[in-house]
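> One structure, as structure tokens, below. Some questions next.
Values quoted throughout were computed directly from the atomic coordinates according to the rules given, and no laboratory measurement underlies them. Note that the structure is predicted; figures quoted are calculated from it, not measured. When we count neighbours, we look across all protein chains shown, and the Cβ atoms used for this are built from the backbone with ideal geometry, even at glycine.
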Amino acid sequence: MSTHLVNDYLKYILIKEKGVKADEKALPFITISRDAGCNAQNIADRLAEILNGKTEEDWVVLDKEILQQAAQELKLQESEITKLITEERSLVKDILLSFSDNYYNLSDSKLKKTIIDLITSHANKGHIIFIGRAAEMITQHYPNGINVHLTAPKSWRIDQLAKDHDVSVDKAEEILNEIDNNRNKYRDLFTTKETEEPTYDISINMAQINENQILNMILEQYRALS
């Protein structure tokens, strides 16, 4: 499947889900994207706990589970999925892969389609908090989603990684650059020249406000959506 076909498929999914019939209630979901060093896991876990206490639905946090499910569907190991996303590809490597029986499963196009299907399926069910995985890009035209972005100055993010990993500032900067590089490669899977930049309902500088304030901001947006 060509890059254009994958992009057309993504557009088809997004356009198909953009309109919600008047007699149907779209179920809410939340996406949280973040820059390296901005820890979203605790925020997502606390947010799910709060929402589970306020609603009768069971809110679930999904992060690496998306890749685990993709690996299961493609009959691959999660490490193989990660390698396919992050490794540098070359014409020679692609030619060699083409002689493999598993080449179709290892192709970028098949991986994209699988991840798109998984994320849109979860979004349609609602009551999901996605951490990363380009969920805000894939679901950007869904009217029932709240897109949150966590950011901070690079120096602040390096300091956070140094504390979290108990390493020097120099080592933390190396970790930050590697994380950002790998995430950019992942997002590139879903990006073409026609791809729209995602818009965020909330963009938060974590260096300026605390976790409780962040949760209150997201909950306020959730109440507005509801």
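> Suppose each label sits 7 Å from its Cα in the direction of the beta carbon; what would the K125-E73 distance come out to in nanometres?
Distance between label points: 1.2 nm.
> How much length, in nm to one decimal, is gained on full extension between K163 and Q41, taken as 0.36 nm per residue of separation minus their Cα-Cα distance?
Details: separation 122, 0.36 × 122 = 43.92 nm, distance 1.60 nm.
Fully extending the segment from K163 to Q41 adds 42.3 nm.
> Given points 7 Å out from each Cα along the Cα-Cβ axis, report the M217 to K171 separation in nanometres with one decimal.
That separation, rounded to one decimal, is 3.2 nm.
> For T151, what charge total do you get from the other residues with a beta carbon under 9 Å from its beta carbon, if Lys and Arg give +1 and Asp and Glu give -1?
Combined, the nearby Lys, Arg, Asp and Glu give +1.
> Please arrange W156, W59 by counting, for each residue, the other beta carbons lying within 10 Å of its beta carbon, fewest first.
W156, W59
> Take the alpha carbon atoms of the range 150-185, find their center, do the same for the range 57-76, and report the distance between the two centers in whole angstrom.
Taking the Cα centre of the range 57-76 as reference, the centre of the range 150-185 is 25 Å away.
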